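Only one structure is covered here, and it is reproduced in the block below.
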Amino acid sequence: MADLVILAAPGMGAVDESFAEPLFAALREQLGDDASRLYCDTILCQGHLQTNIERVFEGMQRRDMDFLRARKFMLYGMAESAAQMNDLQQRDGNYEKTQQAIYLTLQRAAEAAADTAPVILLSHSVGCPILSNYLWDAQRPSINHGLWRDGGPRGVHKGSARDLFLRLKTLSHWYTLGATNPLWTAALARDQIQAVTADTRGYSFRWKNFYHPDDLFGWPLKPLSPSYNQAVYRDYETRPLADWNAAHWGPQLVSHGGYWDCDMVREQLLTDVREVLKKARARPAAPAARTRATAAV
C-alpha cells in the first residue's frame, strides 16, 4: 500500500485529466525508488458543469466579441463558482455533486493507501475555494447542506479511521495555487471572513499559498483576515516584484496557468514529500497503485 497520497484539483477552464501530470512526473523522477510509495490522483470536481458552460460559450460566439480566450476563461471561473452556490441547500445539487466527486476520489485513495496515510492536497484557482468548502463542512460537527449534512454519507462509521481520512484529518500539507478565495469573500466584514482551521478539531496541516504578482486571479491569503493569517503558514510570491526583467509584463492570463510548472512549487513540494516519507519510513514500502494519474511514464 502507498505511504503518501497526493491529490490535485484543477482550476478555471475545461477539465483536462492530465493537468497535473507534469508535476507528478517531475516528482517521481526526483524521488527515484521512493516514487513507488506515492499514490497520485486528480480531483475532477467540476466535470458535471462542463456541458452547460460549453453550450453557453458556443451560443455566445454567434455574436461579434473580442478577447474570446479571456472571455471563455472568465466564463468558466465565474460560472463554476456561481452554479455551486446557487443551490447550496439542494440535495444532489451542484454543490453536493462537487463534494461527492472529492469524496469519491478520497475513497479511491483510501483503498490504495491505509486510512491513516498522510495526504498532500494541491488545488488551483477556483479549486481552492471548492476544496475550502469541502474542508469547512467536514470540520463542522453538524452542517445543514452539502455532502456532510446529517453526519455525512451512509456506510462509513462516524469517528472511524475511514471517516477521519475522508474528512481530510490526515492532511499534512495543503498547497493553494493562484487562489481565488478573496474574489468570493472580500465584500464581507473582516470578522466574517473565516478560514478553515489548520491546527484544531483534529487537524494539523501546513497551508502554503502560492501566487504570481501578475496573476489577476491569484492572491495572497494571509492579509485577507485574522483567521486566514493564522491558518495560512506562508504566502509565496512565485516571481518577486523586484524582478525588473518581467516588470513590464503586466496583468496576464498566462501566469494563472503556470503554477503546475513553477520551480518554486516543485521544489517546495519535493522537500515536503521527502519529509513526510521520512516520517513514514517505518511503514513497509508498497508498489504504487496504477491509476490514470500514477501510470508509469
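The values are calculated or read from the model by the stated rules, or taken from the named source; none is laboratory data. Keep in mind that this is a model prediction, so the values were computed, not measured. When we count neighbours, we look across all protein chains shown, and the Cβ atoms used for this are built from the backbone with ideal geometry, even at glycine. Keep in mind that these areas ignore ligands, DNA and RNA; they rest on the heavy atoms of the full protein, side chains included. Shrake-Rupley method; radii C 1.70, N 1.55, O 1.52, S 1.80 Å.
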Of the criteria (1) at pLDDT 65 or above; (2) of a type in the set (D, E, K, R); (3) in a helix (DSSP H, G or I); (4) surrounded by 12 or more Cβ atoms within 10 Å (Cβ to Cβ), which one Lys72 fails: (1)
Qualifying positions in the range 194-240 - closer than 30 Å to Gly159 by Cβ, open to solvent by less than 80 Å² (accessible area, probe 1.4 Å) and part of a loop (DSSP other than H, G, I, E, B): Ala195, Val196, Thr197, Ala198, Thr200, Gly202, Tyr203, Phe205
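Would you confirm whether or not the range 123-131 contains a residue that is farther than 28 Å from His256 by Cα and outside any strand (DSSP E or B)? So that I can check it myself, show each step before the final result.
Start the filter on the range 123-131 by keeping residues that are farther than 28 Å from His256 by Cα, which leaves none.
No, because not a single residue in the range 123-131 is farther than 28 Å from His256 by Cα and outside any strand (DSSP E or B).
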Yes/no for Trp174 being buried (at least 20 other Cβ atoms within 10 Å of the Cβ), farther than 25 Å from Trp260 by Cβ and touching a helix residue (DSSP H, G or I) at 6+ places or on another chain (Cβ under 9 Å): no
Among (1) open to solvent by less than 30 Å² (accessible area, probe 1.4 Å); (2) not charged (D, E, K, R); (3) not in a loop (DSSP other than H, G, I, E, B) - the single one Ala179 does not satisfy: (3)
Residue in the range 151-167 that is nearest to Thr271 (Cα to Cα), counting only those that are out of contact with any Leu (no Cβ under 6 Å at 6 or more places or on another chain) and of a type in the set (A, V, I, L, M): Leu164
Top-ranked residue in the range 254-297 [being outside any helix (DSSP H, G or I) and at pLDDT 75 or above; ranked as most open to solvent (accessible area, probe 1.4 Å)]: Arg281
Checklist (1) touching a strand residue (DSSP E or B) at 6+ places or on another chain (Cβ under 7 Å); (2) surrounded by 18 or more Cβ atoms within 10 Å (Cβ to Cβ) applied to Gly152, failing item: (1)
Which listed residue, of Ala117, Ala26, Ala110, is in contact with a helix residue (DSSP H, G or I) (Cβ under 9 Å, 6 or more places away or on another chain), at pLDDT 65 or above and in a loop (DSSP other than H, G, I, E, B): Ala117
Sole exception among (1) among the aliphatic types (A, V, I, L, M); (2) at pLDDT 95 or above; (3) surrounded by fewer than 19 Cβ atoms within 10 Å (Cβ to Cβ) for Ala138, by number: (3)
Residue within the range 85-92 that is closer than 23 Å to Trp174 by Cβ, at pLDDT below 65 and not in a loop (DSSP other than H, G, I, E, B) present: yes
Members of the range 182-193 that are open to solvent by 20 Å² or more (accessible area, probe 1.4 Å) and of a type outside the set (S, T, N, Q): Leu183, Trp184, Ala186, Ala187, Leu188, Ala189, Arg190, Asp191
Selection from the range 136-176 of residues that are assigned to a helix (DSSP H, G or I) and at negative phi: Trp136, Asp137, Ala138, Gln139, Arg149, Ala161, Arg162, Asp163, Leu164, Phe165, Leu166
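Got at least one residue in the range 38-50 being part of a loop (DSSP other than H, G, I, E, B) and either of a type in the set (A, V, I, L, M) or modelled with pLDDT of 85 or more (or both)? Even if it seems obvious, please write down each step before you answer.
Residues of the range 38-50 that are part of a loop (DSSP other than H, G, I, E, B), as a first pass: 43-46.
Of the ones still in play, those that are also either of a type in the set (A, V, I, L, M) or modelled with pLDDT of 85 or more (or both) are 43-44.
Taking every residue of the range 38-50 in turn, at least one turns out to be part of a loop (DSSP other than H, G, I, E, B) and either of a type in the set (A, V, I, L, M) or modelled with pLDDT of 85 or more (or both).
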